[in-house]
Amino acid sequence: MVKFYQQKHSYDYSWNTVSYAFLNRYPNPFATHVLSADTIDHRLDAETGELHITRLLRKTNSIPRWARGIMRGNYAYILEDVVVDRDGGMLVSKTRNITHTRLLKVEEKQTLLADPHNANSTLCKNETSIVSNIGYGLNSRIENFSLSRFSENLNKSRKGMLYVLDLAQRKGLFRQRLPMEQRPEA
């Protein structure tokens, strides 16, 4: 049975800033399990103006004791396809594991959308599906464990994004946000 997870969040930064941080989120101290992030393809669609990026992520994670006999190694490779629509103020990232797929298939879609009501805010939506086809009566146990871990990791991911956003701001890559009372009215 497939498990689904969805979460919405917003960042108090412009879409340009958040999309930059998203594409540069590794390394950061909240994602030490990400060992590498390599761009394997990128292209600009001349008709739509969209930027298409394909990356290969190498991750590690601790394996629960009950799964050690099933899995060989604790490394996983993740394929990430990103489409950036600068004119539409939208970034869509789709990731899926390409290793350990018999044990577990995880597909995630993350959408970053410029907030139409606030130029200093970006809406974020995460949608995930998790399914195990290992059999032996373990499917549900693996899916429930993975769903719980995914939820925890999503919170770390958000902290990592905030870390990268703050770092970029401190390095002067973006203009400082004005306090609410000093921002011009839209």
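The values are calculated or read from the model by the stated rules, or taken from the named source; none is laboratory data. Keep in mind that this is a model prediction, so the values were computed, not measured. Glycine also receives a Cβ, built like all others from the backbone with ideal geometry; neighbour counts cover every protein chain displayed. These area figures cover heavy atoms from the full protein model, side chains too; ligands, DNA and RNA do not enter into them. Shrake-Rupley method; radii C 1.70, N 1.55, O 1.52, S 1.80 Å.
See the values below:
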| read-out | value |
| --- | --- |
| For H52, net neighbour charge (Lys/Arg +1, Asp/Glu -1) across residues whose Cβ lies under 10 Å away | -3 |
| Carbon/sulfur fraction of accessible area - the chain, other protein chains in place, 1.4 Å, % | 51 |
| Alpha-carbon centroid distance for the pair segment 1-67 / segment 148-168, whole angstrom | 11 |
| Theoretical ellipticity at 222 nm over the chain - DSSP helices of four or more residues, -39500 (n - 2.57) apiece, nearest 500 | -7500 deg cm²/dmol |
| Residue of K125, K171, K94 that the Gaussian network model of the chain assigns the largest fluctuation, springs spanning Cα pairs under 10 Å | K171 |
| Relative contact order (%) - the chain, alpha-carbon pairs under 8 angstrom, separation at least six | 26 |
| Surface accessible to a 1.4 Å probe, per residue, for the residues of the chain, Å² | 62 |
| Charge tally in the Cβ shell below 12 Å around Y77, where Lys, Arg are +1 and Asp, Glu are -1, Y77 excluded | +2 |
| For the chain, the spread of Cα positions along each principal axis, largest first, Å | 60, 38, 29 |
| Helix 139-170 axis, angle to the chain major axis (alpha carbon atoms, nearest 10°) | 30 |
